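Chemist: So that we are looking at the same thing, I have put the structure below in structure tokens.
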């Protein structure tokens, strides 16, 4: 239980709560408010309640609902597999590992039903060396044992592996190629978002233009670092947000299954043999059809 007293804060309760409890997201606070977990002077108030000086705010955090990770028989698009590693082509819409908001039907649930996995990342992220967002499609490498996991993780840290993405962005990028070097951290305005912030973690994305349209540009992105939402935030930062991005893009965009971002190419050294492995997968159908439509109506 946490108690706060209103001093100089003023305005709507839902907005003031984000100032009093910055460690929680606005949506989480609103949900607790609606569920009666936040009391104002021992009463439940609506989000638009206007706070007054000396109001007593009481936050009673509900107990976290425990989740358990179960193996689920979900079809996987496996590109490569041996005793140590597995490379999978993740579809749009699939979350990589379970969380309170996504307790099942994740890639991890599917992997657990398929093979043994490394244990380094704990119960909820077995085998997961790196992640891509729910609505980003494409290639992921998975470790089937701890020794393989250590090797793959070390390659990520050393930036020696290959990670190339295909992205469709708003606007016409004039440069044929470029480098975005801008530190990333949690947005001070919205805890669900990442943003370019002073003092954030180093983040570098390189891009090359593949094709220009009248209002869009198709690019290849190469990650030098792997920060949360890195490509999505960096492209917004330079004024070319991803098409279809519900979090960082404009409201008026081409409809799809989320952002048009695809992890098309992945390369790494095999953790046991040291052999260089490189994999590529084609764009998902909705991405291909969108480009075909743009070729007909919007090509330069």
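Chemist: Could you say whether any residue in region 52-69 is assigned to a loop (DSSP other than H, G, I, E, B), within 30 Å of residue 272 (Cβ to Cβ) and touching a residue at least 12 places away in the same chain (Cβ under 8 Å)?
Modeler: So far as region 52-69 goes, yes, one or more of its residues are assigned to a loop (DSSP other than H, G, I, E, B), within 30 Å of residue 272 (Cβ to Cβ) and touching a residue at least 12 places away in the same chain (Cβ under 8 Å).
Chemist: So in region 136-155, with the set limited to residues that are in contact with a strand residue (DSSP E or B) (Cβ under 8 Å, 6 or more places away or on another chain) and in a loop (DSSP other than H, G, I, E, B), which one is nearest to residue 247 (Cα to Cα)?
Modeler: Step by step, filter region 136-155, then rank; the result is 136.
Chemist: Looking at region 159-172, can you tell me whether even one residue there is under 25 Å from residue 246 (Cβ atoms), modelled with pLDDT of 95 or more and surrounded by fewer than 17 Cβ atoms within 10 Å (Cβ to Cβ)?
Modeler: Looking for residues that are under 25 Å from residue 246 (Cβ atoms), modelled with pLDDT of 95 or more and surrounded by fewer than 17 Cβ atoms within 10 Å (Cβ to Cβ), one finds at least one in region 159-172, hence yes.
Chemist: Same structure again: Residue under question is residue 255, and the condition is that it be in a loop (DSSP other than H, G, I, E, B), touching a helix residue (DSSP H, G or I) at 6+ places or on another chain (Cβ under 8 Å) and surrounded by fewer than 16 Cβ atoms within 10 Å (Cβ to Cβ); does it hold?
Modeler: Spelling it out, it is not the case that residue 255 is in a loop (DSSP other than H, G, I, E, B), touching a helix residue (DSSP H, G or I) at 6+ places or on another chain (Cβ under 8 Å) and surrounded by fewer than 16 Cβ atoms within 10 Å (Cβ to Cβ).
Chemist: Consider residue 7 against the criteria (1) farther than 28 Å from residue 194 by Cβ; (2) more than 23 Å from the chain's Cα centre (by Cα); (3) touching a residue at least 40 places away in the same chain (Cβ under 8 Å); (4) in a strand (DSSP E or B): it satisfies all of them except one. Which criterion is unmet?
Modeler: The one condition residue 7 does not meet is (4).
Chemist: Of the residues that sit in region 215-240 and are in contact (Cβ under 8 Å) with a residue 60 or more places away in the chain and either in a helix (DSSP H, G or I) or within 15 Å of the chain's Cα centre (by Cα) (or both), which one is nearest to residue 173 (Cα to Cα)?
Modeler: The residue in question is 235.
The values are calculated or read from the model by the stated rules, or taken from the named source; none is laboratory data. All of these numbers come straight from a predicted model, not from anything done at the bench. A quick note on method: Cβ atoms are made from the backbone with ideal geometry, for glycine too, and the neighbour counts reach across all protein chains shown.
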